[in-house]
1. Check off (1) more than 17 Å from E131 (Cβ to Cβ); (2) out of contact with any strand residue (DSSP E or B) (no Cβ under 8 Å at 6 or more places or on another chain); (3) surrounded by fewer than 19 Cβ atoms within 10 Å (Cβ to Cβ) for M1 and give me the number that stays unchecked.
2. Going residue by residue through segment 118-129, is there one that turns out to be of a type in the set (D, E, K, R), surrounded by fewer than 15 Cβ atoms within 10 Å (Cβ to Cβ) and assigned to a loop (DSSP other than H, G, I, E, B)?
3. Of everything in segment 130-141 that's assigned to a helix (DSSP H, G or I) and not aliphatic (A, V, I, L, M), which residue is farthest from the chain's Cα centre (by Cα)?
4. Give just the number: which of (1) buried (at least 21 other Cβ atoms within 10 Å of the Cβ); (2) without any contact (Cβ under 8 Å) to a residue 60 or more places away in the chain does W39 not satisfy?
5. Keeping to segment 83-102, report how many residues are in contact (Cβ under 8 Å) with a residue 40 or more places away in the chain and exposed (fewer than 13 other Cβ atoms within 10 Å of the Cβ).
6. Keeping to segment 103-117, report how many residues are loosely packed, with under 14 Cβ neighbours inside 10 Å and touching a helix residue (DSSP H, G or I) at 6+ places or on another chain (Cβ under 9 Å).
7. Let me confirm something: among K146, K152, K95, which residue is more than 11 Å from the chain's Cα centre (by Cα) and not in a helix (DSSP H, G or I)?
8. So E66 passes all but one of these: (1) within 13 Å of the chain's Cα centre (by Cα); (2) under 23 Å from M150 (Cα atoms); (3) acidic (D, E). Which condition number does it fail?
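The values are calculated or read from the model by the stated rules, or taken from the named source; none is laboratory data. If you're wondering where the values come from, they're calculated on a predicted model, not measured in any experiment. FYI the Cβ positions are ideal-geometry reconstructions off the backbone, even for glycines, and counts take in every protein chain you see.
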Amino acid sequence: MTLNSLGLDTEKTKNLAKDLNSLLANFQIYYQNLRGIHWNIKGKRFFDLHVKFEELYTDANAKVDEIAERILTLGETPLHTFEDYSAKAEVPVGKNISEDEKAVQLIVDSLAKLLQIERQILDKSGDADDEGTNSMMSDFITEQEKTVWMMKAWLGETV
């Protein structure tokens, strides 16, 4: 086993960075979805949702930066083209969504996919003794689970 300057197994680190790049691609699509529904939302709930969607895309933008910086910290290069993001992303793409319930459902569906990816990374980062990535994934998961609960409550559903 070869260790890098962070004291982490280089092979496991490369694999984690690859998974983080997948998460980065998915977050970029999620971010763009949030921008789109923020711009296009219509109806009686416009004012509340417009503000909420801005809050969510601001948070997603910060997370995109955190993910990219973690990839760099692990010694790899973050993806940075829309071509790469589109090729790797698994979250649903929302196009021309202006109805409130469809917009909120898009958020729930996107976060469900992000949570799956993050849990896989959490498992691998634990195995690699990568506390930095592990901590980041734990924080993301905790926040996103709460957001899913709130969005599902708004839809009148349970988790």
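1. Looking at each condition in turn, M1 falls short on (2).
2. Yes, because at least one residue in segment 118-129 is of a type in the set (D, E, K, R), surrounded by fewer than 15 Cβ atoms within 10 Å (Cβ to Cβ) and assigned to a loop (DSSP other than H, G, I, E, B).
3. If we take residues in segment 130-141 being assigned to a helix (DSSP H, G or I) and not aliphatic (A, V, I, L, M), then E131 is farthest from the chain's Cα centre (by Cα).
4. (1)
5. Qualifying residue count, segment 83-102: 4.
6. 1
7. K95
8. The single condition E66 does not satisfy is (2).
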